[in-house]
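Enquirer: Supplied in structure tokens, the structure appears directly below.
The values are calculated or read from the model by the stated rules, or taken from the named source; none is laboratory data. Quick caveat: nothing in here was measured; it's all calculated off a predicted structure. In this analysis, Cβ positions are derived from the backbone assuming ideal geometry, glycine residues included, and neighbour counts consider all displayed protein chains. In case anyone asks, the SASA skips ligands and DNA or RNA and just uses the protein heavy atoms, side chains included. Shrake-Rupley method; radii C 1.70, N 1.55, O 1.52, S 1.80 Å.
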Amino acid sequence: MFKKKRAPLTRSTLVNPFAGEFPLHVQQEDIVLATNDNDVIIVDSIAGSSKTCTQVVMAHNNHVDSLYLTFSKALATEAEDMFPDHVDCRTIHSLAYREKGVDIAHKLSRPRGKYKNVAGTGSEIAKYYKIPTFEVSDDYEIKNTLLGLMVKQTLAKYEASNDESISKEHLPFALINTTKNKFKSLSKKDLNKVFTKVYKEIIYYAEQLWVDRQAPKSPVLATHDSYVKMWALTNPIIRTRVLYCDELQDASMVFMGVVQNQVGKCKLVLVGDPDQNLYAWRYSVNGLALVEGKKMELAQSFRYGQDAADLAMKVLDNGRKMKGFPAMNTKVGASGIVDLDKHYVKLFRMNATLLQEALSLISQGKKVNIHVDVQDYVKMLESGEALYSGKVAKVKHEDIIPFDTWEELKEEAKSGGILSRVYNTVKNGNTEKTVRYLKSHKNCNNPDVTLMSCHRAKGNTFDYVILADDFESNYNKHGEWVGIDEAEKRLLYVGVTRAKLGTQYNETVKEIVERYEAEEQSTSQEETIEDLLTSEIDEYYEDGRILVGDTIYDNETELLAAESADIPWYDPDNEEWMITGNNVEVINISPSSCGGAEQAGYELQSVVQMEALRDDFANHTMSDFNAYENGFVDSLGCDAEMADFKVERILPFTEEVMDNLREREVLKLDLLVNKL
């Protein structure tokens, strides 16, 4: 497609602009070399894998006019200092602004001076377009302010989409379903009939709002997403040779439509981490899955060690492989990881929990830095207070507008979340005090604690991190394991991959770790009989007999003995480990048959020696087991000729049993030894 002006890149000719800091990983080299033969490269990169640095290396090895696109202005500014001069670093909004945003720039913020209705909020939209309250029945109605909010959310979803016109697909069904639940006395048929009319009304006014947002002379407020949508509808072609797109796991469909339109017109390098898709509630999608191309990966972290990588894999539980940085020894655990007397970062799921923690720490005299939209929470509290006082006209926050009465909010607050925090703050009379604290707070240069949401923490690195306990449990109210949804897993994944030196995880992650360890132990114990046999089983009979060739064995134990399988195996029926064989009667060790606590202190020193009976190891000592009074198998030896013998079959047997005995303070072993 493109004429190559120089010889293809090779490993020996690669330029590493970071040579003075670190060598390139083989996966980074592979990605750079892929530009030789591929017009679309899709890079799946784990957290901390230096994905931006990898794109910088690609740019240094491809000296053509290029464009680096991301969603964050901070990331674009940071990238300017990293990329070579032939790469322009921009945000998607800056590209769209110069084409479409300039004409409506005066509409992107409220006019100064006397208040003017610019149809910016749900209630303003209702008043500006004179949306009437919708009569559902003689007893029920939908407030016009709520309808105005639905119109606003419909248009927001449309602006984020790749669709040409507004349709039912853009309706805010989460808010609509919440509203429907208020009308429980209506039949499903009547409810659907009513809301079919509601849908038409919402779409009609959303279309009016969209026309006015685009019109330079209209007083109606526009958003930054408005001019991006206006630009995208022109099917723009970006004039560049290479287009680098970062953080595509959180792309909007409107942006992906622009990207897809560049296929075949320039080289595309699409980079992101699908498991860091955190903004689906803002209509973001994993853009990496929407374009065909050469799929590659960055699976080596340079931020944290293997323990943190292992923890992240347990949290995700999706089969993804992650490698920690060997030079990092990141400690992880449920407690004792972080020194609370030194600076640390605490990450939260919800802003409300974060702010409550901030207030508590401030009252203790701690210097606290808060990285959250304080004003939004203040507005929510003030709206909650207004609803509580019956001043519905003063309810401005969009999360409070859907409630007609304080009792309705009270019912919704029972399910937890941010509304529960608002309800309790207002109900306990703490609104004024909380608002005063939050409005007066200022961050400092040397905080004791930094509080941040996991969403805000994405892309950042810290020394020590504590995960707050405001995540949902993996267990339901009945104590049954139900797990957490994929969005929660992704948020926790971001949380456990931020720290270089130590991560102190929360109860939710602890539940995951404990379940994982329990399943791992169970799997190691529950080896099937087929794993231990060399024979191929032809049939299992209902009475437990087994057919192998022409021979029928009464049970699995008899078959195992017939094969001289002198290796430990776990019998789940009797809950004991066993060794059986042709010339070995039984050696079994069952914790339940070892006496009890009264046997603690009993000193037993015995040596059990067996001859290896398998033909391949005839006349060789298989192993020596030395059981000492502390219940620990101190040594396992074999002669030099047995070096290749798979002693790992023995080790789990001895160590695991002894661990079990130590926990029970039982030191007596009941051994039935082979007949000699």
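Enquirer: Determine the alpha carbon to alpha carbon distance for each of Lys127/Lys184; Lys152/Lys200; Lys116/Lys396; Lys200/Lys229 and list only those over 19 Å.
Expert: Lys127/Lys184; Lys200/Lys229
Enquirer: Report the net charge of residues surrounding Gly148, where surrounding means a beta-carbon distance below 13 angstrom and charges are Lys +1, Arg +1, Asp -1, Glu -1.
Expert: +2
Enquirer: Would you kindly derive the ³J(HN,Hα) couplings of segment 203-212 from the backbone phi angles with the Karplus curve 6.51 cos²θ - 1.76 cosθ + 1.60 (θ = phi - 60°), listing them in order in whole Hz, with x for Gly and Pro?
Expert: Going residue by residue, I get 5, 4, 6, 5, 5, 5, 4, 5, 4, 6 Hz, with x marking Gly and Pro.
Enquirer: Between Lys331 and Glu472, what FRET efficiency comes out of the Förster formula 1/(1 + (r/R0)^6) with R0 = 22 Å and r the beta carbon distance, rounded to 0.05?
Expert: Efficiency, from the Cβ-Cβ distance: 0.30.
Enquirer: State, to one decimal in nm, how far the label point of Ala393 lies from the label point of Lys323, with both points 7 Å from Cα in the Cβ direction.
Expert: 6.7 nm
Enquirer: For Leu233 paired with Tyr540, estimate the spin-label separation in nm (one decimal), with each label point 7 Å from Cα along the Cα-to-Cβ line.
Expert: Between Leu233 and Tyr540, the label points sit 6.4 nm apart.
Enquirer: Tell me, what is the FRET efficiency for Phe18 and Ala74 to the nearest 0.05, using R0 = 22 angstrom and their Cβ-Cβ distance as r?
Expert: Given R0 = 22 Å and the Cβ-Cβ separation, E is 0.55.
Enquirer: Determine the gain in length on full extension of the stretch Ser363-Arg11; use 0.36 nm per residue of separation and subtract their C-alpha separation, reporting nm with one decimal.
Expert: Length difference between fully extended and current span is 120.9 nm.
Enquirer: Fully extended, how many nm does the chain gain between Asp85 and Asn117 (0.36 nm per residue separation, minus their Cα-Cα distance)?
Expert: Computed gain between Asp85 and Asn117 is 7.0 nm.
Enquirer: Per 0.36 nm of contour for each residue apart, how much would the distance between Ser137 and Asn446 grow if the chain were fully extended, relative to their Cα-Cα spacing?
Expert: 105.3 nm
Enquirer: Looking at segment 144-250, I'd like the Rg to Rh ratio, where Rg is from alpha-carbon atoms and Rh is Kirkwood's inverse mean 1/r.
Expert: 1.09
Enquirer: Tally Lys/Arg at +1 and Asp/Glu at -1 over every other residue whose Cβ is under 10 Å from the Cβ of Tyr388; what's the total?
Expert: +2
Enquirer: Right, something else. Let me spell out the model: positive unit charges on the Cβ of Lys and Arg, negative unit charges on the Cβ of Asp and Glu, origin at the Cα centre of segment 357-455. What dipole size does that give, in debye rounded to 20?
Expert: I would put it at about 500 debye.
Enquirer: Right, next: Apply the Karplus curve 6.51 cos²θ - 1.76 cosθ + 1.60, θ = phi - 60°, to the phi angles in segment 21-28 and return the couplings in whole Hz, x for Gly and Pro.
Expert: Here the 3J(HN,Hα) series is 10, 7, x, 6, 6, 4, 5, 5 Hz.
Enquirer: I need the calculated FRET efficiency for the pair Arg282 and Glu407, taking r as the beta carbon distance and R₀ as 25 Å, to the nearest 0.05.
Expert: With R0 = 25 Å, the Cβ-Cβ based efficiency is 0.25.
Enquirer: Put His371, His106 in order of accessible area, largest first, 1.4 Å probe: what do you get?
Expert: Ranked from most to least accessible, the order is His106, His371.
Enquirer: Same structure, new question: Quick one: in segment 25-131, what % of C-alpha pairs are over 17 Å apart?
Expert: Cα-Cα pairs of segment 25-131 separated by over 17 Å account for 68 percent.
Enquirer: Points 7 angstrom from Cα along the Cβ direction at Ser185 and Lys265: gap in nanometres?
Expert: Distance between label points: 5.8 nm.
Enquirer: Let me ask you something else. Can you tell me, using C-alpha contacts under 8 Å and at least 6 residues apart, the relative contact order of segment 1-152 as a whole percent?
Expert: Averaging sequence separation for qualifying contacts and normalising by length gives 13 percent for segment 1-152.
Enquirer: Do the alpha carbons of any pairs in Lys73/Lys197; Lys157/Lys193; Lys107/Lys410; Lys439/Lys500 sit beyond 30 Å of each other, and which pairs?
Expert: Long pairs (Cα-Cα over 30 Å): Lys73/Lys197; Lys107/Lys410; Lys439/Lys500.
Enquirer: In segment 147-232, what GluC sites (Glu not before Pro) fall in a loop by DSSP, with at most 16 other Cβ atoms inside 10 Å?
Expert: Those that pass, being in a loop and sparsely packed, are Glu164.
Enquirer: By per-residue mean of other Cβ atoms within 10 Å, what is the highest-first order of 121-130, 333-342, 384-393?
Expert: 121-130, 384-393, 333-342
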